[in-house]
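In what follows, a single structure is set out as structure tokens and then discussed.
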Amino acid sequence: MSAEGVSAVSPVHWRARVFGDHINTDYIIASRRKRDAADIASLLPYVFEAIAPEFARSVEASDVVVGGVNFGCGSAMEVAAEVLKAIGLRAVVARSFSRAFYRNAVNVGLPLLTIPVLEAQEGDVLVCEGVDSAAPSLRNDRTGELYQALATSDIVRGIVAAGGLIPFVNSLKCRDDERSAR
Amino acid sequence: MLAERRTAVEEIMSHSLGRPVRSGDVAWFPIAMMLATDGSAPAALRTATAVHRRRLSLGDGVVLCCDHYDPRSTQFAGARHAQMREFATLHGAAFYEFGSGIGHQLAVERGHVRPGMLTLAADSHAPTYGALGAVAFGVGATDLGLAIATGELWLTVPGTIRVRLRGRLPRSTMAKDLVLDLIRRLGPAGAADCALEFVGDGVASLGIDERLTIANMAVESGAATAIFPVDSATDAYLSGIGIHRDTYRDFRFDERASVCEELTVDCSTIEPLVSGAHELAVITPLPSGRQPVDVVYIGTCTGGRASDIVAVVEVLRAAGGKADGVQLIVAPASRSIAEELSAAGIVDELRRLGATILAAGCGSCCGTAGPIPGDGTVVVSTANRNFKGRMGNPRATIHLASPRTCARAAVDGWIQV
């Protein structure tokens, strides 16, 4: 993992798995599946089952989900972000995210890029530079278009850099403890 | 220097923080009430335990509700509920066993929400509490766990869309029709990241049940939250549940505060509406083609209150009963509501009308605690979501409508879509 705000890795190449607008969390994983699930791994075969039943079996190492507007709308279930991370997706890129899904993805360490004008087709190669930085860039290899992802807030970058909400908060606690010990 | 003019959300969040904030500001806010359901509690409590920054003597600030999972229909529910009960006993949280009701209804009727509070729930329909003049955000389990452990959460102050309500709803329509109309106008993301602030002379014509329905379903327009003013109806409701006027503060909406957008709703022109299948992008008035209906579902945090169920019974009673072949399922939003209806003879009447009555809770809404519709089944429901598979079967079709419209469909055996 790179230091906060600075990307030490070379550009990453992703394959776009494209979905439309208003993809809700029930479509990502149905509430009914959660009911009898012992763990996240048992949910993975059912990711997107209602709208793309072949998707779960087809995820490959460099895949990212590309959504339209309002990705992750509907229920605030955190498991929707967890399953997308657990199934091996590198990131989710969308024109906009629902507020609760955005927070949940940050908290579980699923990288998100918000690009309001993104154009991509299924299978496009998307080249991302500075994925850990404040404002990553994304180039669509097929069209040649270069996009700038919207900048994230300091708190969000801090959480992502720490690897999730719990490590972030615990690191704050260490700083507080150090300060009061001095 | 003029005082800043603040929206309701800015006022309440500023008061919680102890310094002025405006839309777009990010800060760590103290949270007065935080609720988790059995859907979100296991992960929330795991996070709270992992973070562990304060002594967990929580009074009634933390509320744990067993509403999504029915121990009769899944073996994992009992273990979840036991874990929640144990945490509540150990740390002093409020705990509601399965059958008590839907968390959002319990939060309101058991006095956990008061005007002017900043609250969270690990469930997207938290904004329901806005009906009582509180600010409520729906968050995920990890966020809620952090709030339980520390009493705070980082939040962004949302912008506001001011919705001016004029006049009153016609007798044939209900609050559900008003909020469906609003979603039709805004679209599924039209209110993204904004609070919907309801003002105007039309507010006084809406009872608390109606405000709860509207605040609840407002989230389907992408709204971050929804909020109503506090008036004599709010005071009367709270007084009725033993919450005295001097235990909550007076605050005013400043209608001159700057907002992202202003909408006006002429309540008198609202007509009965129904959604298309699988999404809320299509919402139409009733006269059109006829769609045979198999299941009519009355319940959920949107439409499971006493006034909703009474409206249903009135339609059925006047028509002499439901159509053969229509399954009518009724899930009261809380045990208190069920008891109130029982005392009024409504539960017996529903049984005579052939209704199946579920335990108070989320029931069939998200396919977790009630009957699951079969393949090819058409459901019309008082719920707030109809995504494909929402009630547990992607091969069933769900239309959303008001309790009265749903009752009409039960009588006719079809709905006009």
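The values are calculated or read from the model by the stated rules, or taken from the named source; none is laboratory data. The model shown is predicted, which means the values in this text are computed figures rather than measured ones. Every residue, glycine as well, gets a Cβ built from its backbone with ideal geometry; the counts of neighbours run over all protein chains shown. To get the accessible areas, we keep the full protein, side chains included, count just its heavy atoms, and leave off ligands, DNA and RNA. Shrake-Rupley method; radii C 1.70, N 1.55, O 1.52, S 1.80 Å.
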request  = List the relative contact order of chain B as a percent without decimals, with contacts defined as Cα pairs under 8 Å and 6+ residues apart.
outcome  = 18 percent
request  = Sum -39500 (n - 2.57) across every DSSP H segment of at least 4 residues in chain B, then divide by the residue count to get the 222 nm mean residue ellipticity, nearest 500.
outcome  = -9000 deg cm²/dmol
remark   = In a Gaussian network model of chain B with springs linking alpha carbons closer than 10 Å, the residue among B:Tyr96, B:Tyr129, B:Tyr248 that fluctuates most is B:Tyr248
ask   = Mind checking the dipole of the range B:23-115: about its Cα centre, +1 per Lys or Arg Cβ, -1 per Asp or Glu Cβ, Debye to the nearest 20?
value = 300 debye
ask   = In the protein assembly as shown, what percentage of the DSSP-assigned beta bridges are antiparallel, given to the nearest 5?
value = 30 percent
query = Out of A:Glu54, A:Glu78, A:Glu119, any idea which swings most in a Gaussian network model of chain A, alpha carbons joined below 10 Å?
reply = A:Glu54
message = Using just the Cα positions, wrap the protein assembly as shown in a convex hull and report its mean projected area in square nanometres, one decimal place.
response = 27.8 nm²
remark   = In the range B:136-196, the trypsin sites (Lys or Arg not before Pro) that sit in a DSSP loop and have at most 16 other Cβ atoms within 10 Å of their own Cβ are B:Arg168, B:Arg171
message = Tell me the Kirkwood radius of the range B:193-282: reciprocal of the mean inverse pair distance over distinct alpha-carbon atoms, in Å.
response = 15.3 Å
task = Take every DSSP beta bridge with both residues inside chain B and express the antiparallel ones as a percent of the total, to the nearest 5.
result = 25 percent
request  = May I ask for the Rg/Rh ratio of chain A, computed from Cα atoms with Rh as the Kirkwood radius, given to two decimals?
outcome  = 0.99
remark   = Which of A:Ile159, A:Ile40, A:Ile29 fluctuates most in a GNM of chain A (C-alpha springs under 10 Å)? That residue is A:Ile40
note = Computed for chain A: size of charge dipole around the Cα centre, +1 on C-beta of each Lys and Arg, -1 on C-beta of each Asp and Glu, debye to nearest 20, value 380 debye
task = Give the accessible area for B:Trp414 in Å² (nearest 10); use a 1.4 Å probe, count only protein heavy atoms, and leave out ligands, DNA and RNA.
result = 70 Å²
key: Per-selection metrics, the range B:130-185 (Cα): Rg and Dmax in Å   = 16.7, 48
ask   = Using unit Cβ charges (K, R positive; D, E negative) and no other charged atoms, how large, in debye to the nearest 20, is the dipole of chain B about its Cα centre?
value = 320 debye
ask   = Which of A:Asn170, B:Ala223, B:His91 sits farthest toward the positive end of the charge dipole of the protein assembly as shown, with +1 on the Cβ of Lys and Arg and -1 on the Cβ of Asp and Glu?
value = B:His91
task = Have a look at A:Val92, A:Pro111, A:Ala50 and report the one farthest towards the positive end of the charge dipole of the range A:1-150, computed about the Cα centre with Cβ charges (Lys/Arg +1, Asp/Glu -1).
result = A:Ala50
